[in-house]
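So the structure is just underneath, and the comments pick up after that.
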Amino acid sequence: MRTELLRFDGAVEHDPSIDAWMKEHGGELGFIAQEWFERMRRCGDEVRELVHDGCPVACLGDAPFGYVNVFASHVNVGFFHGAALADPARLLQGTGKFMRHVKLRPGTATDAASLGRLIEMAYSDIKARVENG
């Protein structure tokens with residue numbers, strides 16, 4: 001049984017409300033969030049973005065693939081179809097049917113190469129879902 005893709009209205013090439021969100025979330029946590037959201041933005045020409053449920057979301061067109069969110073002591077880099085991603089470095093957390101996230105903390109080493117691959121895989125995965133959907 002094929003599941004319907006989640007779609008968000010209003011995704012645009014560059015959403016100024018994300019710039020405002022980043023300014024509101026300064027310091028080390030904000031820097032971490034901005035670094036990884038920028039990585040999502042660079043996945044391809046079809047990347048669009050919006051703020052949904054209070055955090056920046058990266059989409060392929062209107063289909064979301066990733067997000068960042070800042071909490072009191074960590075940043076989540078999340079994936080809407082994270083449960084379907086290969087994760088040999090075992091970075092992904094969560095037990096939901098679809099979503100998974102990576103928790104990043106200031107002063108704690110990040111496996112940047114593996115997280116970068118997860119972002120690339122999430123983009124490739126949503127692209128395949130949209131094209132084959």
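By the combined test of axial Cα extent (at least 27 Å) and Kyte-Doolittle hydropathy (mean at least -0.5), the qualifying DSSP H helices of the chain come to 112-132. So what's the net charge close to PRO64: Lys and Arg +1, Asp and Glu -1, counting the other residues with Cβ under 14 Å from its Cβ? Local net charge: -2. For P(r) over Cα pairs in 10 Å bins from 0, in percent, computed directly from the structure shown, the correct entry in [x] 12, 40, 26, 11, 8, 3, 0; [y] 13, 47, 34, 6, 0; [z] 10, 24, 20, 17, 16, 11, 2 is [y].
Any read-out appearing in this document is the output of simple, stated calculations on the displayed coordinates, not a laboratory observation. The model shown is predicted, which means the values in this text are computed figures rather than measured ones. Cβ: placed from backbone, ideal geometry, glycine included. Neighbour counts: every protein chain shown.
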